[in-house]
Amino acid sequence: MGSLQLEDFVAGWIGGAASVIVGHPLDTVKTRLQAGQGYGNTLNCILTVYRNESVVGFFKGMSFPLASIAVYSSVTFGVFSNTQRFISQQRYGDSNHAPALSDLIVASMVAGVVSVGIGGPVDLIKIRLQMQTQTFFKANINLKHRAIGFPAYRGPIHCVSSILRQEGLAGMYRGAGAMLLRDVPGYCLYFIPYTVLCGWITPEGCISPSPSSVWMAGGIAGAISWGTATPMDVVKSRLQADGVYLNKYKGVVDCISQSYHSEGLKVFVRGITVNAVRGFPMSAAMFLGYELSRKALRGDQAETNP
């Protein structure tokens with residue numbers, strides 16, 4: 001079981017890198033729509049970013065998640081797979097026994113909780129780097145010693161050191177409560193639809209799903225998960241973007257209250273289209289990268305296992 005654990009973590013690392021490359025441009029648009037001002041709808045946001053920052057603007061802040069999301073996905077997929085196998089071993093005496101729905105729920109929730117520990121700081125840095133170009137020139141805020149025309153952060157490392165210096169270690173976990181409320185149910189609606197859809201699509205008698213089945217099931221699961229997670233994702237994005245120039249929100253409840261009173265209920269579905277659309281290719285790439293690399297790492301063993 002030790003080698004299988006390693007394979008799951010390595011495969012998650014590869015899948016995570018694939019998903020970042022595929023999904024980061026739409027992730028930038030999603031973050032700007034949720035935490036920014038004056039972008040209007042999705043199409044207008046895309047055109048504004050392209051006009052002001054060219055294609056490079058869509059990949060702003062990607063270096064950090066590309067390096068770190070691999071670790072994040074590695075841990076998430078590794079924890080989910082190994083928790084599921086552990087439960088099967090305890091309940092049925094066989095780690096390869098098909099999991100029940102309750103087994104998948106528990107494994108998904110464990111993965112969601114663990115993911116926040118690593119994913120919180122990763123998301124925070126990504127969002128700070130994505131957000132620092134817009135409000136910067138327009139906001140009438142005392143920028144202290146920052147010169148107008150220069151970004152607040154010079155890069156991921158400078159961003160981390162600035163947050164640690166100004167806000168302490170707790171600052172790295174700003175928005176963690178909202179992320180927990182997003183990810184625990186979110187991963188249930190991620191891994192469970194994927195597992196169920198793979199079972200439906202895969203023909204009877206086949207040992208493992210085909211790449212096209214993995215792509216389709218992973219994409220649909222991602223669209224479902226990200227679409228339903230949007231309201232809490234809005235809150236998380238706002239809490240994490242908060243603090244680049246000023247602190248507007250005291251916490252999750254305050255952020256929900258202020259957002260609702262100033263923009264109404266519609267604010268909580270802001271970015272839902274781009275979230276669902278982006279969720280499909282990102283998750284399809286994630287699961288495909290995960291399954292194919294895990295199969296390659298295990299070699300012929302995957303074909304001979306019952």
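The values are calculated or read from the model by the stated rules, or taken from the named source; none is laboratory data. The shown structure was predicted, so the numbers you read here are calculated from the model rather than taken from an experiment. Quick reminder, even Gly has a Cβ in these numbers, built from the backbone with ideal geometry, and neighbours come from all protein chains shown. These accessible areas exclude ligands, DNA and RNA; they are computed on the full protein's heavy atoms, side chains included. Shrake-Rupley method; radii C 1.70, N 1.55, O 1.52, S 1.80 Å.
What percent do you get for the relative contact order of the chain when only Cα pairs under 8 Å and 6+ apart count?
Here the relative contact order equals 27 percent.
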- Note on the structure: In the neighbourhood of Leu104 defined by beta carbon distances under 15 Å, the net charge of the other residues (Lys, Arg +1; Asp, Glu -1) is +1
- Message: Taking amide H atoms as placed 1.01 Å from N in the peptide plane, list the residues 5 or more away in sequence, or in a different chain, whose amide H sits under 5 Å from that of Tyr153.
- Response: none
- Task: Give me the distance in nm between label points sitting 7 Å out from Cα along the Cα-to-Cβ direction at Leu66 and Tyr260, one decimal.
- Result: 4.1
- For the chain, which whole-number percentage of the solvent-accessible area (1.4 Å probe, protein heavy atoms only) is attributable to carbon and sulfur atoms? 67
- Task: Calculate, in whole percent, how much of the Cα-Cα pair population of segment 1-141 lies beyond 21 Å.
- Result: 53
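Which net charge results for the neighbourhood of Tyr249, defined as the other residues with beta-carbon distances under 12 angstrom from its beta-carbon, given Lys and Arg at +1 and Asp and Glu at -1?
+3
Fully extended, how many nm does the chain gain between Ala170 and Asn247 (0.36 nm per residue separation, minus their Cα-Cα distance)?
Working: separation 77, 0.36 × 77 = 27.72 nm, distance 1.41 nm.
Working it through step by step, the gained length comes to 26.3 nm.
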- Item | Estimated translational D of segment 175-270 in µm²/s (Stokes, Kirkwood radius over Cα pairs; 10 °C; 1.306 mPa s) | 105
- Item | Within straight-line cross-link reach of Lys126, aspartates and glutamates at Cα separation under 15 Å, skipping those fewer than 8 residues along the same chain | Asp27, Asp233, Asp242
- Message: I need the helices of the chain that pass two filters: whole DSSP H segments spanning 18 Å or more by Cα along the axis, and mean Kyte-Doolittle score no lower than 1.0.
- Response: 101-131, 176-201
- Could you give the nm distance between label points at Leu292 and Ser95, where each point is 7 Å from its Cα heading toward the beta carbon? 2.7
- Message: Using the basic label-point model (7 angstrom from Cα toward the beta carbon), what is the Arg154 to Tyr50 distance in nanometres?
- Response: 3.4
